[in-house]
Amino acid sequence: MNLDLDNLTIGSFVLGAEFHGKNQIFQGVGYSVSVHKKIVANIHINFGTKIPKSLVFNDCIILNGEICNIDVNTGCREIETLLGPPQEQWEDDYAKNYRYLYKTHELEFNWLVDKDHLEYLSIDLV
């Protein structure tokens, strides 16, 4: 199931759209979608090394109408090439984090510092 950053969708889920049903988390291979107060509030994409390879996101990510090659080996500089400098960033002994405001949403990329591997992309309502 592709992640379309242009439309902020994965499958039939549209970030920020109304969802007819109860609050819950839907999980698929490599992703989860959170519904809170009947709104699709978060899309979380797993790339990382902390989960079994069978649960890693392996589908396409679409940005600016093109398929982007974003995976566990994607570094900070490659994300900056795609999105520019982050609005916010931090690093500690464990992780490096870049946050972007994208349209009306927040994109958060997280890397493990010791392995420099992309762990996840989380997309939230702002």
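What the table below lists for this structure:
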item: Boolean, Gly16 is in a loop (DSSP other than H, G, I, E, B), farther than 27 Å from Asp116 by Cβ and not aromatic (Phe, Trp, Tyr); result: yes
item: Single condition Met1 does not satisfy, out of (1) assigned to a loop (DSSP other than H, G, I, E, B); (2) over 14 Å from the mean Cα position of the chain (by Cα); (3) of a type outside the set (Asp, Glu); result: (2)
item: Residues of the range 19-42 satisfying the condition of being closer than 18 Å to Lys103 by Cβ and modelled with pLDDT under 95; result: none
item: Of all residues in the range 42-62 being assigned to a strand (DSSP E or B) and of a type in the set (A, V, I, L, M, F, W, C), the one that is nearest to Gly30 (Cα to Cα); result: Ile45
item: Qualifying positions in the range 37-73 - crowded, with 17+ Cβ neighbours inside 10 Å and small (Gly, Ala, Ser); result: Ala41, Gly48
item: Test result for Asp71, part of a loop (DSSP other than H, G, I, E, B), out of contact with any Ser or Thr (no Cβ under 6 Å at 6 or more places or on another chain) and under 12 Å from Phe47 (Cβ atoms); result: yes
item: Answer residue from the range 15-36, given it is in contact with a strand residue (DSSP E or B) (Cβ under 6 Å, 6 or more places away or on another chain) and either in contact (Cβ under 8 Å) with a residue 24 or more places away in the chain or closer than 17 Å to Glu106 by Cβ (or both) and is surrounded by the fewest Cβ atoms within 10 Å (Cβ to Cβ) among those; result: Ala17
item: Residues located in the range 86-105, provided they are in a strand (DSSP E or B) and either charged (D, E, K, R) or over 13 Å from the mean Cα position of the chain (by Cα) (or both); result: Glu88, Gln89, Trp90, Glu91, Ala95, Lys96, Arg99
item: Out of Ile123, Ile79, sole residue that is buried (at least 17 other Cβ atoms within 10 Å of the Cβ), out of contact with any helix residue (DSSP H, G or I) (no Cβ under 9 Å at 6 or more places or on another chain), β-branched (Val, Ile, Thr) and under 21 Å from Gly16 (Cα atoms); result: Ile123
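The values are calculated or read from the model by the stated rules, or taken from the named source; none is laboratory data. Only a predicted model underlies this, so the values are computations on that prediction, with no experimental measurement involved. Ideal geometry is used to build each Cβ from the backbone, glycine not excepted, and the neighbour counts take in all protein chains shown.
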